[in-house]
Structure formats: structure tokens, C-alpha cells
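Here is the structure we will look at.
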Amino acid sequence: MTLRTLMMTGTFSVMLVAGSASAETLRWANAGDVLTLDPYAHTESFTSSFLHHIYEPLVRRDAELKFEPALAVSWEVIEPTRVRFALRDGVTFHDGAPFTAEDVVVSIARLIHPDARAKGNLASVSGAEAVDDLTVDILLKAPDPLILNKLSGVFIMDAEWLAANDATLPGNTTTGVVTYASDNANGTGPFILESRQPDAKSVLAANPAWWDTPTHNISSIEFTPINSDATRVSALLSGEVDVITPAPLQDTDRLEVAEGVTPLQNPSLRTIMFGINVGGDELHAMPGSGVNPLKDVRVREALWRAIDMEAIKAKVMRGNARISGSMIAPQIGGYEAATDTKPEFDVDAAKALLAEAGFADGFTTGLDCPNDRYINDEEICLAIASMWAGIGVEVDLTTQTKANHFPKVDRAETDIYMIGWATLPAMDGFSPLSAMLATRKDDWGGNNPNGYSSERMDEIAVMAASEMDEEKRVALIAESMKIAREDIAYIPLHQQPLSWATRDGIEVIQFPDNYFRAWHYTVN
């Protein structure tokens, strides 16, 4: 048995500016705030990106997104379902407590707990056992070719700190469960949580006792959520902040000519799509009707055909998007060009499909979208709502902050909703297969509240989870993407770009997974 190390090949944007490397503050503004400080209470990649500054995994990704040792210094397969990790000696948590195998055992148990929102990230793991203080075994339900990929997104928490603060059980942003760990943090990472004001400002201070040798020169990070695109850009231009994520596409030309500012754009792994309520007996927007038009694949195709993605790309995304017919980007394992096709934009054909399905007069559907998560998310939904009105489908549109949007989606209280997926933390097509396409049951389908269920899809998920032959495993994922395309389980829109902007004097790496890794950055 061999552990598969997945390495991404993609474009990395690096901004280099000459200058001194004294300790400095990095001021970072993002469109939305982190959802929680509890690593296991959510499945949002932006929140994970922020928390990675505080918490660390056993194995992390380096500046080229290759795996490297972090809290574990080495690992080996003892048995097909037992992987042994030798832990790094001398590591301490931010409160000074030593890092030991017991912290890994408790963290794994906390993450795979039935009440953890992120439990699906480790669906193949049954637990962990301490061999000694600096050795731990990860126990698998079956051989897992992606165990390192998954563990790179599992942040280790302090067992004693959790117990002392009655937070051994996980919080959950969907169910509203809040613990001490939801608003406080104690990791081993390069930065320490100094203060936290939700929706206002969070301050991180450099960890003077970090086990690694810092390559950054950052003394503190001041993180400010700024929802308004215009306000965020103004803060950058006025010098109030150093980095904005994202930089609005409509302001690219302005930023390119602004003195002391550089916009950064590159392709990303994130596919923006619509999830669809295909399992409900009726739509939330049509209470008492006993009718759910979305169950009919002809209706789903009609909605897809009615979306003019070329217009959205040109007008809303300013030409900076890759139109997609697939749930995964070309860089991801399991991608096939033959699956990456969308129905041709055709209003008449869309109307004909609705009539064929028995909805010639249209119907009403809800559409839920965030307004602070994806690039131009609200604008995209407004445009598509108008396009659907052109085929007789009335849209009850709700746009709101991601903190309210995603829990509503998770609770299956939507008809159609926007979601983006970058296949994290695995960076592999198994991620959407297991989380979005498998039937929601036990550890499967954590991000499939839609009622979508396919017997063959579930079979593929189980087989792919433990298939150690890489060619066979990728073929299984490709088959799952083909089925998803035929069923129109989701309506893919595009891969959105990475779009940041920095002030001169900031050295950053723009990663394809859109993670912000400030321990690789320098402020000059």
C-alpha cells in the first residue's frame, strides 16, 4: 500500500517588492468574516484559511502546495487501515501546554463526532490511538489513498484546553451549537489570536515560540471584514489596508492605474454552481402546492439552457471566468473534457422543455445566494433571476451574508442555492463526490441537502474511497462526474478567478486554492 501525494499544478501569482524585512503589521480586508473559530464547526474554506494561521495539521502544504511535515515529522503505513505518525517534539500550544499524541486522539474524536459539521472531511477515519506521547496511529475504516490530503485540512486542538473549557464536543454553525472554542482559540500555529470582534476586527500576533523558522516578517495581522466592494477598494487606495480579498473585477482597470497598488488575478479551482432541491415533495416558494417541478430533469435542463453564461462572463465577471459544464476544474483528478459541456443557451428550447414537463405556464422557485462569499455572487443571481423570468419562472430571490446563507442551505430550506466548491481539503474529485453527490447518510453527503440520491453514485463513492489503484480511482470519479452531468444534479456556472489587490511593499503568493497563507508573506 502506498499513500498518494497529490500535487497541484497551477499558476501561482507572486508579487515581489524590494525592501527591508523588519517586523511589520499586515492589514487584510476580506468581503466577509470568518464563520467561527472552531475548526470542526464548519466546512467553509475561507474560514479554514484564516484558522490555519492559528491551528496546524499533522501534514501541511508548502509554498508549491506539496505535502511537507508539520506537527508530524514522518508517517508510515503499519497495516492497510493503520497509519502511524511520529509527532514533532518540543511543540507547544499558545498557552504553553506541550503538544502530545493525546491532543491528536481527542482532536480526531472531536472531528468525527456525529455532531461535528465537518465530520465528512474524515469519513474514512474511525479514530486515533496514542502509542506514546510522540507517536499516534490513525485508524481507517478501509485503505484510503487520500488520507494525507484529508489530514492536511485537520487542525489539531489542545485536549486539556478543550476539557478545561467544556468544549470537548464540537460546535456546529448549521445547528447553532456554540462552545468556548467558537470564539476563542489555542493552537500551535505561527500566529496567536490576540483579539476578536465578530464582523468588526480580529487581530493575530506572531507566535514567538513557533516550532518552525519564520520566513515572514509579520508581527501582527489585522483582519477586517468589509462587505462593500467600494468601501474595500477605498480602504486599499487610502492606505487603510494592505491586501483586499477579493478585489472587485469591475475595479480592475482602476486598480491597475492607481499609484502604489497592484491587482492580482489568476485561475482558481473553485466552481460556482447551483444546488437544486430534487427530493422535496414541494418547493419552499410554493407552499401547499404539493408540487416540485425541480424533480424533473427536463425542468433542470430548461433552467440551465435559460442561463446566458456568455453574457454573465462578459458583463458581470468582466471576462474573467471560465464557463463550466462540470462540477470540477480541469486541474482536478477525475476531470474529463467530454463532461465539461453545458447545454446551449436557447430560450425557446428552454420553454419547450418546461412545456414538455407540464409547466408551460412556468412556476415559482426560491433562489438563495450569499452576498459576501463569492466574486459578484449577488450580481450573478440577480442576472440569472431575470433570465429565468424570460421563460416564465418567477424567482423569489434571497441574498444575505454567508453566515446566514450556508446554515439555511444545510437545513434544506432552499429550492435552488448558490455554492462554490474548490475540492478542499483533498484537492481531488473525490471531495464533491463524497460531500455533494453521495446520498446524505451517516458520514456521506454532508453538503448534499438536496435529496439527490443515486444508487450507482453511492456505489462509486464507496469504491473510490478505498481504491488504491490510481487509474481505476480516477476513472470512478470521472464516472461520477458524468452521472452528475446527465442527471443535472447541480447546475455548474463557472470557475471564478482569483482576484486580490495589494499595496506596494507586500510580498504575497496567490495560491490556486485561494488560501491566504501569511506565514509565506512579507511586508516591506
From DSSP H assignment alone, runs of 4+ in the chain each adding -39500 (n - 2.57), the sum over residues rounded to the nearest 500 puts [θ] at 222 nm at -6500 deg cm²/dmol
Mean shadow area (nm²) of the C-alpha convex hull around the range 381-443 is 5.8 nm²
A correct Karplus calculation of ³J(HN,Hα) over the range 280-287, with 6.51 cos²θ - 1.76 cosθ + 1.60, θ = phi - 60°, whole Hz and x for Gly and Pro, returns x, 6, 8, 7, 4, 7, 10, x
Counting only DSSP loop positions in the range 208-300, the GluC sites (Glu not before Pro) whose Cβ has at most 12 other Cβ atoms within 10 Å are 259
The answer for the chain, accessible area per residue at 1.4 Å probe in Å², is 36 Å²
Between residue 257 and residue 348, the FRET efficiency computed from the C-beta separation at R0 = 45 Å comes out, to the nearest 0.05, as 0.55
The ratio Rg/Rh over the Cα atoms of the chain, Rh being the Kirkwood inverse mean 1/r radius, stands at 0.96
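I'd like the FRET efficiency for residue 314 and residue 201, computed as 1/(1 + (r/R0)^6) with the beta carbon distance as r and R0 of 56 Å, rounded to 0.05.
Efficiency at R0 = 56 Å is approximately 0.95.
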Here the residues of the range 116-133 lying in the modelled label zone of residue 169, meaning backbone nitrogen under 14 Å from a point 7 Å along Cα-to-Cβ, are 116-117
One finds, for residue 66 and residue 289 with R0 = 45 angstrom and r their Cβ-Cβ distance, a FRET efficiency to the nearest 0.05 of 0.25
Taking 413, 344 and ranking on accessible area (1.4 Å, protein atoms only), highest first, one gets 344, 413
Computed curve, the range 110-196, Cα-only Debye sum without solvent term, log₁₀ I(q)/I(0) at 0.19, 0.22 Å⁻¹, is -1.06, -1.31
At q = 0.16, 0.17, 0.24, 0.25 1/Å the base-10 log of I(q)/I(0) from the Debye formula over the alpha-carbon atoms of the range 250-317 is -0.76, -0.81, -1.11, -1.14
Note on the chain, DSSP bridge orientation, antiparallel percent to nearest 5 equals 75 percent
With residue 444 itself left out, Lys, Arg at +1 and Asp, Glu at -1 over residues whose Cβ is under 11 Å from its Cβ give 0
Surpassing 20 Å at the alpha-carbon level, of the pairs 313/482; 141/441; 119/141; 342/472, are 313/482; 342/472
Listed by chain and number, the residues whose amide H is under 5 Å from that of residue 177, excluding neighbours fewer than 5 places away on the same chain and using placed H, are 172
Per the rule of 0.36 nm per residue minus the C-alpha distance, extending residue 194 to residue 360 adds in nm 53.9 nm
With label points set 7 Å from each Cα along the Cα-to-Cβ direction at residue 102 and residue 115, the distance between them in nm comes to 2.2 nm
In whole µm²/s, the translational diffusion coefficient that Stokes-Einstein assigns to the range 145-288, given a Kirkwood hydrodynamic radius over C-alpha pairs, 4 °C and 1.567 mPa s, equals 65 µm²/s
Answer check: the range 356-497, Cα atoms, Kirkwood Rh, Rg/Rh ratio of 1.00
Expressed in nanometres to one decimal, the distance between label points 7 Å along Cα→Cβ at residue 281 and residue 297 is 2.6 nm
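If you keep only loop residues by DSSP, which GluC sites (Glu not before Pro) in the range 42-87 have at most 13 other Cβ atoms within 10 Å of their Cβ? Could the numbers behind the result be given before it?
Numbers: sites: 44, 64, 76; in loops: 44, 64.
When the GluC sites (Glu not before Pro) of the range 42-87 are filtered for loop state and at most 13 Cβ neighbours within 10 Å, 64 remain.
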Of the accessible area of the chain, computed with a 1.4 Å probe and all protein chains kept, carbon and sulfur make up a percent value of 48 percent
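The values are calculated or read from the model by the stated rules, or taken from the named source; none is laboratory data. Just so it is clear, the model here is predicted, and its values are computed rather than measured. Here the Cβ is made from the backbone with ideal geometry for all residues, glycine too, and neighbour counts use every protein chain on show. Each accessible area value is taken on the protein alone, full model and side chains, heavy atoms only, with ligands, DNA and RNA left out. Shrake-Rupley method; radii C 1.70, N 1.55, O 1.52, S 1.80 Å.
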